[in-house]
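Structure, as structure tokens:
The values are calculated or read from the model by the stated rules, or taken from the named source; none is laboratory data. Everything numeric in this text was worked out from a predicted model, so none of it was measured. Cβ atoms come from the backbone with ideal geometry, glycine included; neighbour counts cover every protein chain shown. Quick note on the areas: whole protein, heavy atoms, side chains included, nothing else; ligands and nucleic acids left out. Shrake-Rupley method; radii C 1.70, N 1.55, O 1.52, S 1.80 Å.
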Amino acid sequence: MKPIVILGAGPAGAAVALGLRRLGYPVTLVSEWRRFAALEGVSARVLDALRGAGLHQALTDAAQPSQRQVSWNGQRHAQNIEFLLDRPSFDRGLREDLRLAGVELIEGRVLTVQSHASGHRIELEGREAVLADFLVDARGRQAPALGKGLRGPETVSLLNRWRGASGITASAVESLGDGWAWMARRADGQCYWQWTVDVASAGLPGKALLLDHCRQRRQDSPLAREFFGSEPETGLHLHARSSTAILCPHVCGDNWIRVGDAAMAVDPLSGNGIFQSLSSALQAPAVVNTLLRKPERALLAQRFHQRRVEQLFLRFARIGRDFYADEQRWPDQPFWLARRQWPDAEVAHAEVDYATLRVERAPVLRDGFVEEAEVVITADQPLGIWHLQGVELAPLVRRLRSEPAERVLEGLTVDQGRMVRSWLSGQGFKP
Ligand code: FAD
């Protein structure tokens, strides 16, 4: 019986494994290799988060900076720098990080998992089954569904990859009448065109004709023609991936947890999938630690993880909806119609209003455990804010109801005072 087994060696599984090793747990990780060579774009913030999680090897050689062009709603502009992550080398680096952290790695395909209150039996292809006390499921979008969760409009992304002439690294995103395309070219000449469409309305041809259909669509786009030039293509491959936004209905139990895309998978338009998968993974070691070492707090720990995952998912779904709504040339096309309305009509960022601030008890993380503390609930942070760089906000907000600000803030250092005043004024506080 292994104490903790993680399924899946993507960024989420790797971040949880390293976090659990830091807390002193022996960790076994079971994963197969990803079956296709994807390229993904991430921001500098994601690279920082990966470094922060200790995933240094994963970044060696894997990230190339690229100036990104955006063509949306008929307007073209060169936006920010994105970093192109070559997933095969990134995934290889993750494994090296795991090895260096002393994680036991089992390479194999998980066939089934039977779970009971006393533990889990993990059946592997062509190998002996593995038994685990605690299970972390980080199998990404391939993790089995756990009942009816929240799903966005069904979406598929067709990744076309080929070799063209070498040139400068570049990437671009473009809206189209029936979807959008992300394209990239690496200095070594590898080219990628990823076309994301609506499953119900795309009317895609069968497999035999799909490559030609994609090529035709690519050549219909002036931006793609300009981007890739007219060099001959060699070794054209096509890989279809579901990219529907999915929130799993349950993400934590007494002896298991789901992280990363297995818990919530966001629309790739956000370009934030890896960041989101890390966000749920970075909090998981403290949740697991609480479930194992302080089982009397199990419900609190589960609530913490469940609510954070739901909150993160909805926030990103609404930001995505607003971005889709910015494209106004094809409001009645099924692709755009469905996505500009999902998941709901609530604002992505609620207006600040100091009068609505509340103090409540809520789960927070302290010293590797989940515990309960007083937090300040704001319209934009419904899960609450506990402290600002060590200064607890709830006692200050409570006192500000009846005492002058000067007196409430007088015990703080100059820097703390400046930081808290700036936060208060951002919340609409008027002394
Ligand atoms: P994954 O990275 O998917 O890792 C899961 C691991 O589990 C893999 O190693 C897999 O081999 C293993 N596994 C799965 N099933 C089994 C099994 N049965 N047995 C053993 N092992 C198994 N994010 C970005 O930040 N930028 C982008 O540009 C971007 N583009 C995207 C484009 C598309 C079309 C899609 C679908 C996603 C994109 N993403 C992007 C999202 C990003 O790929 C994921 O959010 C991220 O990889 C999730 O990390 P993870 O660790 O949860 O899962």
- In the range 34-66, which residues are touching a residue at least 24 places away in the same chain (Cβ under 8 Å), closer than 25 Å to LEU238 by Cα and not aliphatic (A, V, I, L, M)? ARG34, PHE36, GLU40, GLY41, ASP61, GLN64, PRO65, SER66
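Considering only residues that are basic (Lys, Arg) and closer than 21 Å to GLU125 by Cβ, which ones fall in the range 1-34?
LYS2, ARG34
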- Item | Top-ranked residue of the range 348-371 - restricted to ones that are at pLDDT below 95 and within 24 Å of the chain's Cα centre (by Cα), ranked as surrounded by the most Cβ atoms within 10 Å (Cβ to Cβ) | ALA348
- Query: Taking the range 47-96 only, how many residues are among the basic types (Lys, Arg) and either in contact with a Lys or Arg (Cβ under 6 Å, 6 or more places away or on another chain) or away from the ligand (no atom under 14 Å from the Cβ) (or both)?
  - Reply: 2
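Just to be sure, is THR196 open to solvent by less than 20 Å² (accessible area, probe 1.4 Å), modelled with pLDDT of 95 or more, within 16 Å of the ligand (Cβ to nearest atom) and under 30 Å from VAL113 (Cβ atoms)? Reasoning before the result, please.
Working: open to solvent by less than 20 Å² (accessible area, probe 1.4 Å): yes; modelled with pLDDT of 95 or more: yes; within 16 Å of the ligand (Cβ to nearest atom): yes; under 30 Å from VAL113 (Cβ atoms): no.
So THR196 does not fit the description; no.
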- Query: Do any strands (runs of 3 or more DSSP E) lying entirely in the range 58-115 carry at least 1 residues that are open to solvent by 70 Å² or more (accessible area, probe 1.4 Å), among the charged types (D, E, K, R) and closer than 30 Å to GLY253 by Cβ, and which ones are they?
  - Reply: 104-107
- Note on the structure: Note: among VAL27, VAL46, just one is modelled with pLDDT under 95 and in contact with a helix residue (DSSP H, G or I) (Cβ under 8 Å, 6 or more places away or on another chain), namely VAL46
- Item | Selection status of LEU131, assigned to a loop (DSSP other than H, G, I, E, B), more than 14 Å from the ligand (Cβ to nearest atom), at negative phi and assigned by TED's automatic domain parsing to the domain that holds VAL259 | no
- the range 116-128, residues that are more than 16 Å from ILE4 (Cβ to Cβ) and either in a loop (DSSP other than H, G, I, E, B) or near the ligand (Cβ under 9 Å from one of its atoms) (or both): ALA117, LEU124, GLU125, GLY126, ARG127, GLU128
- Task: Could you please tell me which pairs satisfy a Cβ distance under 8 Å, a separation of 6+ or placement on different chains, a first residue in the range 176-196 that is at negative phi, and a second residue that is among the acidic types (Asp, Glu) and more than 15 Å from the ligand (Cβ to nearest atom)?
- Result: CYS191/GLU233
